[in-house]
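Below you'll find the structure, written out as structure tokens, and then a few comments.
The values are calculated or read from the model by the stated rules, or taken from the named source; none is laboratory data. Keep in mind the model is a prediction, meaning the values are calculated, not measured. Here the Cβ is made from the backbone with ideal geometry for all residues, glycine too, and neighbour counts use every protein chain on show. Heads up: the accessible areas ignore ligands, DNA and RNA and are worked out on the full protein's heavy atoms, side chains in. Shrake-Rupley method; radii C 1.70, N 1.55, O 1.52, S 1.80 Å.
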Amino acid sequence: MRRELTKIKWDMLIVDEAHRLKNYESKVGVSLRDEYDYLNCLLLTGTPLQNNTDELWTLLNFISRDDFNNREEFCKEFGNLKEASQLQQLHSRLKPYLLRREKEHVEKKVPPKEEVIVEVELTVPQKQYYRAIYEQKTGFLHKNGAKDGPSLSNLAMELRKCCNHPFLIKGAESELSKHFEGKTPIEQIVQSSGKMMLLDKLLPKLKSDGHRVLIFSQFRILLNIIEDYMIMKGYGFERVDGAITGRKRQSAIDRYTNEDVFCMLLSTRAGGVGIN
């Protein structure tokens with residue numbers, strides 16, 4: 001017979017970087033649930049909700065198994081937040097358990113955030129690829145053979161890539177190099193994308209005014225293009241994404257913080273996890 005393990009009893013359990021527990025089957029979560037009993041629990045995280053409400057339920061279940069004991073019921077109620085009433089109900093459920101600490105509450109010297117949303121028009125190549133993807137024109141997208149083109153199984157993702165830079169679409173870079181024949185590599189990078197054209201206008205102005213710049217993207221492959229642009233332009237920069245870990249990550253942050261480095265390239269996931 002299997003002997004029941006005696007659980008370690010704690011008055012207080014504190015878990016830092018608690019988003020590591022978002023997967024119900026994670027080793028850390030399983031170990032803490034199976035090996036410890038605790039009267040009080042505090043989870044510390046900057047990203048309680050990353051991908052879906054199922055992950056949020058896992059954290060709430062870890063805090064209060066009695067109040068959040070049914071995952072299917074929770075996901076059925078809040079899995080697709082399409083209505084304002086659902087969001088209000090979720091906030092009401094979270095209120096007793098969630099303490100949100102915002103920067104302005106703890107650091108009075110931080111100036112108020114100014115947000116400016118700039119609408120950028122797609123370039124002609126972007127419009128061509130956007131329409132071809134949307135209408136699934138495989139003849140246009142697979143000019144160099146059946147395999148040299150984007151997958152159309154996830155149209156929304158391919159359209160998002162196109163809106164950022166057409167080079168993110170498989171096979172587009174080689175085709176556009178013909179379209180921009182005679183242009184330098186940096187001109188091809190800039191003139192292919194509306195966002196890159198805006199960035200090319202903003203950065204010289206920001207640098208001349210003595211500003212420091214953070215550039216976030218959800219696509220690491222877009223950061224690769226921006227990195228090539230930075231090198232060609234001679235801008236000093238550092239980069240932090242999911243592939244850069246440990247000491248290298250901290251060294252990049254230290255160089256940006258303490259040295260005269262103009263720009264930091266960040267993936268949104270890496271920039272939102274464990275970085276102050």
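Residue 232 accessible area, nearest 10 Å², 1.4 Å probe?
Surface accessible to solvent at residue 232 totals approximately 100 Å².
Identify which of 185, 111, 125 has the largest mean-square fluctuation in a Gaussian network model of the chain, with springs joining Cα atoms closer than 10 Å.
Of the options given, 111 has the highest mean-square fluctuation.
For residue 160 and residue 83 in the same chain, what is the full-extension length gain: residue separation times 0.36 nm, less their Cα-Cα distance, in nm? List each step's numbers first, then the result.
Details: separation 77, 0.36 × 77 = 27.72 nm, distance 2.40 nm.
Full-extension gain reported as 25.3 nm.
Applying the Karplus parametrisation 6.51 cos²θ - 1.76 cosθ + 1.60 with θ = phi - 60° to the phi angles of the range 106-121, what ³J(HN,Hα) value in whole Hz is obtained for each residue in order, glycine and proline being reported as x?
With coefficients 6.51, -1.76 and 1.60, one gets 10, 10, 6, 7, 6, x, x, 6, 10, 10, 10, 9, 10, 7, 10, 7 Hz.
Between 215, 117, 244, find the one with the highest GNM mean-square fluctuation for the chain; connect C-alpha pairs within less than 10 Å.
117
Based on DSSP loop calls and a cut-off of at most 14 other Cβ atoms within 10 Å, the longest stretch of the chain free of exposed GluC sites (Glu not before Pro) is what?
Longest stretch, sites excluded: 182-258.
Of the chain, which part is the longest with no trypsin sites (Lys or Arg not before Pro) in a loop (DSSP not H, G, I, E, B) and with at most 12 other C-beta atoms within 10 angstrom?
On the way: sites that count: 2, 3, 7, 65, 82, 100, 101, 108, 109, 113, 147.
Value returned for the longest uninterrupted segment is 148-276.
With contacts defined as alpha carbon pairs under 8 Å and 6 or more residues apart, what's the relative contact order of the chain in percent?
12
How far is it, in nm, from the label point at residue 181 to the one at residue 115 when both lie 7 Å from their Cα along the line to the Cβ?
Modelled inter-label distance: 4.6 nm.
Non-local amide H neighbours of residue 41 (under 5 Å, H modeled in plane, Pro and chain starts lacking H): which ones?
Here 13 satisfy the definition.
Restricting to Cα pairs below 8 Å that are 6+ residues apart, what does the relative contact order work out to for the range 1-123? Please round to a whole percent.
Once divided by the residue count of the range 1-123, the mean separation gives 19 percent.
By DSSP, what percent of the beta bridges with both residues in the range 158-276 are antiparallel, rounded to the nearest 5?
0
Quick check: pseudo-label points 7 Å beyond the Cα along Cα→Cβ at residue 206 and residue 75, how many nm apart are they?
3.9
Can you pull a Stokes-Einstein diffusion coefficient for the chain at 25 °C (0.890 mPa s), Rh from Kirkwood over Cα pairs, as a whole number of µm²/s?
On the way: Rh = 22.7 Å.
Value of D from the Cα-based Kirkwood radius: 108 µm²/s.
For the range 133-276, what is the relative contact order in percent, using Cα pairs closer than 8 Å and at least 6 residues apart in sequence?
Working: 148 pairs, mean separation 27.2, N = 144.
After rounding, I find 19 percent.
Leaving out ligands, DNA and RNA but keeping every protein chain, what accessible area does residue 237 have, in Å² rounded to the nearest 10, with a 1.4 Å probe?
For residue 237, the solvent-accessible surface is approximately 50 Å².
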